[in-house]
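Worksheet: the structure to be examined is printed underneath.
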Amino acid sequence: MTQPGPLDDDLLLADAPEEHDAHEEGGRPDDRIDDERHDEENRLKPEYVRAVEDALEADDRSAVYDLVEPLHPADIADLLELFERDDRMKLVTAISDLMSSDVVAELNDFVREDMMEALPADAVAQIAEQLDTDDAVQLIEDLDAPDQRAILAEMDAEDRAAIESALSYPEETAGRLMQREFVAVPEHLSVGDLIDILREDEELPTEFFEIFVVDAAHHPVGTCNLSWILRTPRSVALSDVMKRDQTLIPVSMDQEEVALMFQKYALISAAVVDEDERLVGQMTVDDIVHIIAEEAGEDALLMSGAGDGDINEPLRDAYSARVRWLIANLGTALVASLIIAAFGAAIEKLVALAVLMPIVASIGGNAGTQTMAVTVRAIAMNQLTRANTTRILWREMRVAILNGVTIAVLIGLATAAIFTPMLGGVIALAMVINVITAGLAGVLVPVIFDRLDTDPAVASSVFVTMITDSMGFFAFLGLAVASGLVG
């Protein structure tokens, strides 16, 4: 878990921590098969969880251990997340020997932070030293500064330096998330020399996909896939087989941009370079899977104003994250109410207006949400930029016009049949206006937030809803009055 040392003549190699492979902990093959069958049969089913709860209540630690021991580390993490805090701590105490770094790495952020605060600093340090640097940083970064210092003080100097270096970078950047375990070699080696080193060196990282080739200044000059090395004659020079065209990730790059690069260029791993373009780490596809899942969930929750939206989130944090958007929603709803109040007399004279108003607002709101979702995703995927904003806006306007006309014909005919043809025409025209407005707002509101360097997923829905509701009520009631339906 340390950064690479100076370049030597044979190999530049970042040390990897000693860690237990989950696949090697099962003992004999037939034991592993039995464990896997037990896992499949009991994986967190309600009756299994109740059995663990009963054993905890009976303070039978041996029974708890026997129930949990066959589980995969990821399932142990899921099991811990199912319990309340006090029961969770009892469970951890009962299965302390099973609380490996693999389990800790799979824990929910809130649960992991809670557990780390409850454990002594030396225990957390021991767990961190077993993890890859990116997982160790994730373990420590959310703790309070005094807790971080206490844990780092318990770690050996090499591991501490690696984590402190990672924590010096902003959150959600490549420098914070990268792995510092990688294999890098000078370009003067032959394929045979490299194979011998890979076979003989005991300090290789546990897993790697590429060999990074660097120059004397530690600048990456190429990469070699392991498959190329295995299929190339030993006498061939490494410089002749390596791929010189590579994708380099700056340490300051945001994690969303990193994920987009992996997707765009179909990367398995990529070198991370510092400001001087020296190789300092790597990002791998397993990191990117986590980033994509995290960002997708985050955007969905932000659009709803639900904050982190985690069931393990502390009650106070969940309340404060949600209530501020509900208050904002209350304010925007008052705008629509004021418009309705302005046409109160017209509504009293023609009750049908009150019956039909929610339809106009509802369709407009749904249309706006559709367009907004498409726009926010396009911005996140870098598909919508300053260069094509006008084209995308015109495209969504055409979609809105077609949708508006279609819905207007349907609601207009139904209203004409139930009430009057005049009212049918009014609601049809109001529907077209509101759906077009929804399409316009669904694009412009997220784009404006993006131009202001604000996450467009955060507040777009509140303002789009306000615009569509207000315009829907104003267009419908205003047209009703202008048409003479109400005197």
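Derivation of every value follows stated rules applied to the coordinates shown; laboratory data play no part. It should be emphasised that the depicted structure is a prediction, and the values quoted were computed from it without experimental measurement. Glycine also receives a Cβ, built like all others from the backbone with ideal geometry; neighbour counts cover every protein chain displayed.
Given 0.36 nm per residue, what is the gain on full extension from E53 to L230 after removing their alpha carbon distance, in nm? Fully extending the segment from E53 to L230 adds 58.6 nm. Inverting the pair-averaged 1/r between distinct Cα atoms of segment 207-280 gives 13.3 Å as its Kirkwood hydrodynamic radius. Under the combined filter of DSSP loop state and at most 15 neighbouring Cβ atoms within 10 Å, segment 326-412 retains these trypsin sites (Lys or Arg not before Pro): R386. Subtracting the Cα-Cα distance from 0.36 nm times the residue separation, let me have the gained length for E141 to A293 in nm, one decimal. Stretched fully, the E141-A293 segment lengthens by 52.8 nm. Listed by chain and number, the lysines whose C-alpha is less than 22 Å from the C-alpha of K90, apart from same-chain residues fewer than 8 away, are K45. With R₀ fixed at 30 Å, the C-beta to C-beta distance from L413 to A354 puts the FRET efficiency at about 0.90. If each Cα of segment 22-169 is one equal point scatterer, what is log10 of I(q)/I(0) from the Debye formula at q = 0.11, 0.14, 0.17, 0.19 Å⁻¹? Each listed q maps to, in turn, -0.46, -0.71, -0.96, -1.12. In terms of the Cα gyration tensor, with a ≥ b ≥ c the square roots of its eigenvalues, is segment 314-482 rounded because a/c is under 1.5, prolate because a/b exceeds b/c, or oblate? Cα axes put segment 314-482 in the oblate bin.
Just to be sure I understand, if you calculate mean projected area of the Cα convex hull in nm² for this structure, which of [x] 22.9; [y] 30.7; [z] 24.3 do you get? Computed from these coordinates, mean projected area of the Cα convex hull in nm² corresponds to label [y]. Per residue, the average separation of C-alpha pairs within less than 8 Å and at least 6 apart gives segment 314-482 a relative contact order of 35 percent.
Distance between the modelled labels on L315 and L338, one decimal in nanometres: 3.7 nm (7 Å Cα→Cβ projection).
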